[in-house]
Amino acid sequence: MIHLHIDKTNIAYFGSFYENIRSPKALLDLMAFIKERDGDFYSRIKFHFIGQQNNYSLNVFNQYPDISPDINCHGFLQRDHAMALIAKMDYLVNFGNTTDYHLPSRVVEYLFFNKPTVNFPAIADDSFSDFVSPYIPLLNINPSKSLEHQYQQFKDFLKEAKPKNSANPKAIQPFLADTIGQAYLDLFQKSSN
């Protein structure tokens, strides 16, 4: 199992990166800026990347030699291990897709675990933000804003959105297979009348 630093704020992303679809660059730029701008604050944070990495993502990580020792890539985890780890994190990170027609695969898990989440939208019409914002504390960081602005937003969010250790099963109820299946049945019955 992955060792978490209990004396640090643990922040994690669960997923993979794909060229031209989802990139970690916005967070890495922010991490590098924070390390230089506020080393004390930076030293109290531990960033984790959980998910299958590929040549694209490894090349991106290697472009940040000043923070590479702080990039904790843990690789792919079995679902039960990943869920146990999400539950232990203080904050979660999401990277928006450059496409507007699908959600990141971990969105329901993020809702269930009810953790404050830092989102890096890739497009203006970010489906993740629309989907989760009614349920969990969410910070959308706009990569087109200055790094100083992003840093202030991030630091304020970590101060204000306190980590939660309680799951929220009600938030995922509409997205469970039984609920969706019943909605389809109701639709078919309606249309056959």
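The values are calculated or read from the model by the stated rules, or taken from the named source; none is laboratory data. Predicted model, so just to flag it, every value in this text is computed and none were measured. Cβ: placed from backbone, ideal geometry, glycine included. Neighbour counts: every protein chain shown.
Does K115 count as under 25 Å from F76 (Cβ atoms) and in contact (Cβ under 8 Å) with a residue 40 or more places away in the chain? Yes. Applying the condition of being more than 20 Å from N168 (Cα to Cα) and among the charged types (D, E, K, R) to region 103-129 and asking which residue is surrounded by the fewest Cβ atoms within 10 Å (Cβ to Cβ) yields D125.
Considering region 7-63, the residues that are among the hydroxyl-bearing types (S, T, Y) and closer than 22 Å to T98 by Cα include one that is surrounded by the fewest Cβ atoms within 10 Å (Cβ to Cβ), namely Y18. For region 49-56, the condition of being closer than 27 Å to I2 by Cα, touching a residue at least 12 places away in the same chain (Cβ under 8 Å) and more than 17 Å from the chain's Cα centre (by Cα) holds for at least one residue. Would you confirm whether any residue within region 158-170 is within 17 Å of the chain's Cα centre (by Cα), more than 22 Å from S16 (Cα to Cα) and in a helix (DSSP H, G or I)? Within region 158-170, one or more residues are within 17 Å of the chain's Cα centre (by Cα), more than 22 Å from S16 (Cα to Cα) and in a helix (DSSP H, G or I). When Q52 is tested against (1) touching a strand residue (DSSP E or B) at 6+ places or on another chain (Cβ under 8 Å); (2) assigned to a loop (DSSP other than H, G, I, E, B); (3) within 22 Å of S144 (Cα to Cα), exactly one condition is not met: (3). Just give me the residues in region 130-157 being under 17 Å from F113 (Cα atoms), surrounded by 15 or more Cβ atoms within 10 Å (Cβ to Cβ) and out of contact with any Pro (no Cβ under 6 Å at 6 or more places or on another chain), in sequence order. Hits for region 130-157 are F131, V132, Y135, I136, L138, L139.
Taken over region 57-94, the residue count meeting the criterion of being closer than 22 Å to K155 by Cα, part of a strand (DSSP E or B) and of a type outside the set (A, V, I, L, M, F, W, C) is 3. When residues of region 6-35 are filtered for being assigned to a helix (DSSP H, G or I), free of Cβ contacts under 8 Å to residues at least 60 places away in the same chain and under 23 Å from L77 (Cβ atoms), how many remain? Residues that pass the stated criteria total 2. With the condition kept exactly as written, say whether any residue in region 118-135 is modelled with pLDDT of 95 or more and within 18 Å of Y42 (Cα to Cα). Looking for residues that are modelled with pLDDT of 95 or more and within 18 Å of Y42 (Cα to Cα), one finds at least one in region 118-135, hence yes. Filtered by the rule that a residue be in contact with a strand residue (DSSP E or B) (Cβ under 7 Å, 6 or more places away or on another chain), without any contact (Cβ under 8 Å) to a residue 40 or more places away in the chain and either over 25 Å from M83 (Cα atoms) or in a loop (DSSP other than H, G, I, E, B) (or both), region 138-157 gives a lone residue, Q153.
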